[in-house]
Every structure is written in structure tokens, then in C-alpha cells.
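Written out below as C-alpha cells is the structure these notes cover.
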Amino acid sequence: MVPPVAVSPLIKTARWSALLVGVIYGKQRFDHLKPIAAEERRVEEAERATREERERIYKRLSEGNTGLP
């Protein structure tokens, strides 16, 4: 087995710093996108409920059953 290569402390520091900056950036980006995604899910849920209601009404009308007494 080959012995490990000595890496400059400057390079080690730069690598760890880049990793830390990336983690912090990812956390901030996630916190920024999370409410946007929640709003999109809420809108999609409302649209899905509306679409299902429309499909249910269309199905009742196409069967000739209006649901009225």
C-alpha cells in the first residue's frame, strides 16, 4: 500500500472551507425554496379538488343522473 501524500494545510483549509460554505448555502437555499414548494402544493391540492368535483359532476350528468329528487 502506498503511504498517504502530505497535503498542504492551505489546501486542507480551502477544502474544508468550501465544504462548509456549500453546506451553509444549501441550507439557505432550502429555507428559501421550502415555502415556495409548500404554496405550490397547496395550490395543486385546491386545483385537484376542483378538478375532481368537475369530473364528478360531468360523470353524473353523462349518466343522466342529476342527483336531484
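The values are calculated or read from the model by the stated rules, or taken from the named source; none is laboratory data. Just so you know, these numbers come straight off a predicted model, no measurement behind them. Cβ coordinates were reconstructed from backbone atoms using ideal geometry, including for glycine residues, and neighbour counts include every protein chain displayed.
Condition first: assigned to a helix (DSSP H, G or I) and small (Gly, Ala, Ser). Now tell me which residues in the range 1-42 satisfy that. Correct list: Ala14, Ser17, Ala18, Gly22, Gly26, Ala37, Ala38.
For beta carbons closer than 8 Å, sequence separation of 6+ or different chains, a first residue in the range 29-54 that is on the phi > 0 side of the Ramachandran plot and among the small types (Gly, Ala, Ser) and a second that is surrounded by 10 or more Cβ atoms within 10 Å (Cβ to Cβ) and modelled with pLDDT of 95 or more, there are no qualifying pairs.
Conditions tested, residue by residue: (1) exposed (fewer than 10 other Cβ atoms within 10 Å of the Cβ); (2) under 13 Å from the mean Cα position of the chain (by Cα).
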{"position": "Tyr25", "(1), (2)": "no, no"}
{"position": "Arg29", "(1), (2)": "no, yes"}
{"position": "Pro35", "(1), (2)": "yes, yes"}
{"position": "Arg48", "(1), (2)": "no, no"}
{"position": "Tyr58", "(1), (2)": "no, no"}
